[in-house]
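Please read the structure below before turning to the comments.
The values are calculated or read from the model by the stated rules, or taken from the named source; none is laboratory data. Keep in mind it's a predicted model, so treat the numbers as computed, not measured. Note that we place each Cβ from the backbone using ideal geometry, even for glycine, and neighbour counts take in every protein chain shown.
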Protein chains: 2
Amino acid sequence: MPKTSQVQFKLTKEFLDEIREAIHSGSESQIELLLKDVHPADIADVLDQMTLEEAKFIYKTLEDDRASDTLMELEDEVRNRFIKSLSNKEIAEQIEQMDSDDAADLIGELSEEDQEEVIQQIEDKEIVEEVIDLLNYDEDSAGGLMQKEYFKAKADAKVSDTVVELRKQAEEIKSVYSIYVVDEDDKLVGVLPLKQLIFTSPNSLVSDKMISQNIKYAKVSTPNVEVADMMEKYDLVALPVVDIAGKLVGRITIDDVVDIIKEEADRDYQLASGISENVEPTSSILKQTRSRLPWLIIGMLGGILGAQVISQYEGEIALNPALAYFIPLITAMGGNVGVQSSAIVVQGLANHTIKIGGIFPKVAKETAVGLINGIICSVLVFGISYLISEDHQLGLTVSLALLTVILIAGIMGTVTPLMLNKFKIDPALATGPFITTVNDVLGLFIYFVIGLLIY
Amino acid sequence: MPKTSQVQFKLTKEFLDEIREAIHSGSESQIELLLKDVHPADIADVLDQMTLEEAKFIYKTLEDDRASDTLMELEDEVRNRFIKSLSNKEIAEQIEQMDSDDAADLIGELSEEDQEEVIQQIEDKEIVEEVIDLLNYDEDSAGGLMQKEYFKAKADAKVSDTVVELRKQAEEIKSVYSIYVVDEDDKLVGVLPLKQLIFTSPNSLVSDKMISQNIKYAKVSTPNVEVADMMEKYDLVALPVVDIAGKLVGRITIDDVVDIIKEEADRDYQLASGISENVEPTSSILKQTRSRLPWLIIGMLGGILGAQVISQYEGEIALNPALAYFIPLITAMGGNVGVQSSAIVVQGLANHTIKIGGIFPKVAKETAVGLINGIICSVLVFGISYLISEDHQLGLTVSLALLTVILIAGIMGTVTPLMLNKFKIDPALATGPFITTVNDVLGLFIYFVIGLLIY
């Protein structure tokens, strides 16, 4: 292991206790010592576990740039509380340390009144200009995601002059991947890999060494999700952003896009689990309740509708109560199959493995899968019921209903998200509790109709 | 928009038709023209839609490095079929064009016999050595993920000499982010940002300009998922990998890690949806069936167990068939709540928002959420049943059972994944169909016991 590097940081209860002890004895130097080699992302994890008072004590001991990095790594709810406790002057000081995209995000979270005050307190007028520009864009677009820190070179400049020019830009740019090349109107015309800058003869022209074919870029209005798809697909670590006239206005880096990729995947998973708002285990009880109640009420209404369906067959149940035994089996299986098939479609749409072609081939495939699984399950359930019960009519009813339910639930689970997607509605809405509820009611209906036919 | 760049590529039916037409008229030049400015990732999307014969025709028209890039971008199943149709000589030629990590992945997919033959056909002995070394590591570790292409500099060298040295290494390295600095034993001692190399005086020593504090790195044995977490958390685009003695042996780049982050999130979603293998809409019917059957059978056994529970209360149902009406409501709500609470825990564990602390505070919180949602749903269901039915005992039974089920299902959904995680079992196994099935049976039991008490 590198001698100079400590083992990777792990947040332990012991470490938190040490920190708390230092806080309560008011020892700033002890805190500085404990956090000396700790990355801001890890310091943020520590602050997430502290009370506001404790967190502020730690925060005050951090140097300026580490303080602002830590601030941006806090969990949203913790950051909001934290910022409310800072004065506008203090916020302005932090913002001067930040990359422009983080600065704009932070200011965007403030009330309009506070925004104005904070902006007035920022001393560096260039930062003010950048932040105000970034605040104009929709947060879910490339414009809302980009930063103003990037290397820019003129196409008609010599490489040697470019190096001198770039040295001036270098100070405020943390990470460098490529240099974006513009023409005299500031329009993006090429990309110069850093490699070229290092290994090329200083006398060559930038335009001779740059890549100008097939440059990947986003427009300010390109949606977030498309930016993420593009960077993921083409393995890009940074993407230039141009305005409506083709002028270079910003850069998006992969770290911000990784967050989007993760959020998108998490969101689909949450919708499939019946959670309608982005919640985390740390979210407040109220927020958790609010995010979960809508689907529970829909599920409940589905249950009441199901009760209506069953009540139509009251006579049959009174005559033959065993019919009621298999109600949960039928509804559970319909639900499971629907969730499976809709999850495959929603993931396929999100990952673009479903690309073109109509609905029909997908339904045909789902029908084949449903037929195989349905026959296996039906034969099994008939076999089991044959062994444990005399009532072979019941076994036949259950197994035929099960086969039908598996088939129809699979088709419903496939068609519903595809249709939603066609009408530009988020297909993930069709997963989880929604498809389960629909299939419950449908399954009950099929079960009793088949029961009526057989008995 | 940059004049030199075409609009972003979109896969259309028309484009595929044009390609197919060119294939069937045997016009290689037409295909070359159509695919001239198309990125290998997009060409792979085209090939994914073609028959094997058509795909091979296109593939033969691609220059060497575009061909190998395209090959690595194909969907797994398509690539497997494709590779089977290539001779070992052809595979060896492709491998010589690839980055070492891709080369090792591709060879790893072959049978042992083919592996030996392909390796013998590779002319560049350095590549052979690198690939054989990479094949030694577990696929799911940093060693299995890393590549051998990276920039390396000596700590005691001058920056000017380093530039000369790096120029020799530059040819085979596609993307450059940082230069890893080693001591005389090849041990990793620091990282030199590319920025420093460009803007630093040529006479300074590498060791004076490098970062040596707190370098982030992985060991060859570090699990994939930890690598992904680290790179995501610390916003890294590349991570050096060291062996057990601390010697620098490879580098992991963010593009490979983005794939892992995505796969992990997709996998949790699939498990929650009752899909036990990684399937896509394009997967074969057999694979889809196989991935879905295990959970369906578990669900079915749960349904049969549920039938056993209900059959214990045959007498009550015969006397009062209306009791059967609300069976689906109770099971559905137990399922929904269980899925919600387990999803929050599983996501919290995956995203590390659940960090430390015991199970008890989480259960307490879930109980509070369940109590609020449960009371709202129970009051609603009692109100509705009061309005539509004379049987107030039934309404009381359903609403009390509902409250109890919501509470217990939420606690089950919270505790089960936490317990699994404690015993190092994947908590995602506790989501979806599993928790639904358990809660179905439990819910039925609660419902009838309460029914028995009230009537």
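Taken over the range B:291-315, the residue count meeting the criterion of being facing chain A (nearest Cβ under 8 Å) and not polar (S, T, N, Q) is 14.
Apart from one condition, A:Glu263 fits all of (1) of a type in the set (Asp, Glu); (2) more than 9 Å from every other protein chain (Cβ to nearest Cβ); (3) surrounded by 20 or more Cβ atoms within 10 Å (Cβ to Cβ); the exception is (3). Checking every residue in the range B:46-54 against the condition of being surrounded by 18 or more Cβ atoms within 10 Å (Cβ to Cβ), in contact (Cβ under 8 Å) with a residue 60 or more places away in the chain and under 22 Å from B:Asn278 (Cα atoms) gives at least one match.
The residues of the range B:291-325 that are surrounded by fewer than 22 Cβ atoms within 10 Å (Cβ to Cβ), of a type in the set (A, V, I, L, M, F, W, C) and more than 44 Å from the chain's Cα centre (by Cα), listed by number, are B:Ala318, B:Leu319, B:Ala322.
Among residues belonging to the range B:271-290 that are at the interface with another protein chain (Cβ under 9 Å from one of its Cβ atoms) and part of a helix (DSSP H, G or I), point out the one that is surrounded by the fewest Cβ atoms within 10 Å (Cβ to Cβ). Out of the qualifying residues, it is B:Leu286.
Across the range A:236-248, which residue is farthest from B:Ile260 (Cα to Cα) among those that are of a type outside the set (Gly, Ala, Ser) and either outside the structural domain of A:Lys174 (by TED's automatic domain parsing) or part of a loop (DSSP other than H, G, I, E, B) (or both)? Among residues in the range A:236-248 that are of a type outside the set (Gly, Ala, Ser) and either outside the structural domain of A:Lys174 (by TED's automatic domain parsing) or part of a loop (DSSP other than H, G, I, E, B) (or both), the one farthest from B:Ile260 (Cα to Cα) is A:Ile244. Would you confirm, using the coordinates I've provided, whether A:His352 is surrounded by fewer than 15 Cβ atoms within 10 Å (Cβ to Cβ), more than 9 Å from chain B (Cβ to nearest Cβ) and not charged (D, E, K, R)? In short, no.
Can you tell me which of B:Val339, B:Val345, B:Val369 is more than 19 Å from A:Met50 (Cβ to Cβ), surrounded by 24 or more Cβ atoms within 10 Å (Cβ to Cβ), within 9 Å of another protein chain (Cβ to nearest Cβ) and more than 30 Å from the chain's Cα centre (by Cα)? Don't jump to the end; show me each part of the working.
Values: B:Val339 fails: more than 30 Å from the chain's Cα centre (by Cα); B:Val345 fails: more than 30 Å from the chain's Cα centre (by Cα).
Residue meeting the stated conditions: B:Val369.
Restricting to the range B:63-95, and then to whatever is polar (S, T, N, Q) and under 16 Å from B:Leu52 (Cα atoms), can you tell me which residue is modelled with the highest pLDDT? Among residues in the range B:63-95 that are polar (S, T, N, Q) and under 16 Å from B:Leu52 (Cα atoms), the one modelled with the highest pLDDT is B:Thr70.
For A:Val381, the conditions (1) surrounded by fewer than 24 Cβ atoms within 10 Å (Cβ to Cβ); (2) touching a residue at least 12 places away in the same chain (Cβ under 8 Å); (3) within 9 Å of chain B (Cβ to nearest Cβ); (4) not acidic (Asp, Glu) all hold with the exception of (1). Within the range B:323-336, the residues that satisfy the criterion of being facing chain A (nearest Cβ under 7 Å) and hydrophobic (A, V, I, L, M, F, W, C) are B:Ala324, B:Phe326, B:Ile327, B:Leu329, B:Ala332, B:Met333. Of all the residues in the range A:86-97, those that are under 15 Å from A:Glu172 (Cβ atoms) and crowded, with 21+ Cβ neighbours inside 10 Å number 1.
Here are A:Thr437, A:Thr404, A:Thr367, A:Thr414: which of them is part of a helix (DSSP H, G or I), of a type in the set (Ser, Thr, Tyr) and either outside the structural domain of A:Ile330 (by TED's automatic domain parsing) or touching an Asp or Glu at 6+ places or on another chain (Cβ under 6 Å) (or both)?
A:Thr414
Tell me the residue from A:Gly143, A:Gly108 that is of a type in the set (Gly, Ala, Ser) and in contact with a Phe, Trp or Tyr (Cβ under 6 Å, 6 or more places away or on another chain), please.
On the way: A:Gly108 fails: in contact with a Phe, Trp or Tyr (Cβ under 6 Å, 6 or more places away or on another chain).
Sole residue among the options that is of a type in the set (Gly, Ala, Ser) and in contact with a Phe, Trp or Tyr (Cβ under 6 Å, 6 or more places away or on another chain): A:Gly143.
Against the test of being closer than 21 Å to A:Ile354 by Cβ, within 14 Å of chain A (Cβ to nearest Cβ), in contact (Cβ under 8 Å) with a residue 40 or more places away in the chain and surrounded by fewer than 19 Cβ atoms within 10 Å (Cβ to Cβ), the options B:Glu14, B:Glu77 yield a single qualifying residue, B:Glu77.
For the range A:194-235, the helices (runs of 4 or more DSSP H) that sit wholly inside it and include 3 or more residues that are more than 7 Å from every other protein chain (Cβ to nearest Cβ) are A:206-209, A:224-233. Of the residues A:Tyr180, A:Tyr137, the single one that is in contact with a Lys or Arg (Cβ under 7 Å, 6 or more places away or on another chain), under 25 Å from A:Met98 (Cβ atoms) and either of a type in the set (Phe, Trp, Tyr) or not assigned by TED's automatic domain parsing to the domain that holds A:Asp208 (or both) is A:Tyr180.
Being over 18 Å from B:Glu263 (Cα atoms) and either in a loop (DSSP other than H, G, I, E, B) or touching a Ser or Thr at 6+ places or on another chain (Cβ under 8 Å) (or both) is the filter here; which residues of the range A:251-270 pass it?
Our first condition is that a residue be over 18 Å from B:Glu263 (Cα atoms); within the range A:251-270, this holds for A:251-253, A:256.
Listed by number, the list holds a single entry, A:Thr253.
Being in a helix (DSSP H, G or I), surrounded by fewer than 24 Cβ atoms within 10 Å (Cβ to Cβ) and not hydrophobic (A, V, I, L, M, F, W, C) holds for only one residue in A:Pro328, A:Pro361, and it is A:Pro361.
Against the conditions (1) within 11 Å of A:Ala153 (Cβ to Cβ); (2) modelled with pLDDT under 90, A:Ser212 satisfies every one except (1).
Applying a threshold of 8 Å to beta carbon distances and a minimum spacing of six or more residues, or different chains, the list of pairs starting in the range A:424-444 at a residue that is more than 12 Å from A:Met412 (Cβ to Cβ) and touching a residue at least 12 places away in the same chain (Cβ under 8 Å) and ending at one that is among the basic types (Lys, Arg) and surrounded by fewer than 24 Cβ atoms within 10 Å (Cβ to Cβ) reads A:Ala428/A:Arg267.
With respect to the conditions (1) surrounded by fewer than 18 Cβ atoms within 10 Å (Cβ to Cβ); (2) within 26 Å of A:Val237 (Cα to Cα); (3) more than 29 Å from the chain's Cα centre (by Cα), B:Asp186 lacks only one, and its number is (2). Could you check the range B:107-143 and list, in sequence order, the residues that are surrounded by fewer than 19 Cβ atoms within 10 Å (Cβ to Cβ) and either within 24 Å of the chain's Cα centre (by Cα) or on the phi > 0 side of the Ramachandran plot (or both)? Passing the criteria: B:Gly108, B:Glu109, B:Leu110, B:Leu135, B:Asn136, B:Asp138, B:Glu139, B:Asp140.
Among the listed residues B:Val176, B:Val181, which satisfies the condition of being among the β-branched types (Val, Ile, Thr), assigned to a loop (DSSP other than H, G, I, E, B), touching a Leu at 6+ places or on another chain (Cβ under 9 Å) and within 10 Å of chain A (Cβ to nearest Cβ)? Break it down stepwise before answering.
Details: B:Val181 fails: assigned to a loop (DSSP other than H, G, I, E, B).
From the options B:Val176, B:Val181, the qualifying one is B:Val176.
Restricting the range B:57-74 to residues that are under 11 Å from B:Ala41 (Cα atoms) and of a type in the set (Asp, Glu), the residue that is surrounded by the most Cβ atoms within 10 Å (Cβ to Cβ) is B:Asp69.
In this structure, does A:Thr397 turn out to be buried (at least 23 other Cβ atoms within 10 Å of the Cβ), at pLDDT below 95 and over 37 Å from the mean Cα position of the chain (by Cα)?
On the way: buried (at least 23 other Cβ atoms within 10 Å of the Cβ): yes; at pLDDT below 95: yes; over 37 Å from the mean Cα position of the chain (by Cα): yes.
When the stated conditions are applied, A:Thr397 passes them.
Taking the numbered list (1) among the charged types (D, E, K, R); (2) surrounded by fewer than 24 Cβ atoms within 10 Å (Cβ to Cβ); (3) more than 7 Å from chain A (Cβ to nearest Cβ) in turn, B:Arg251 passes all entries but (2).
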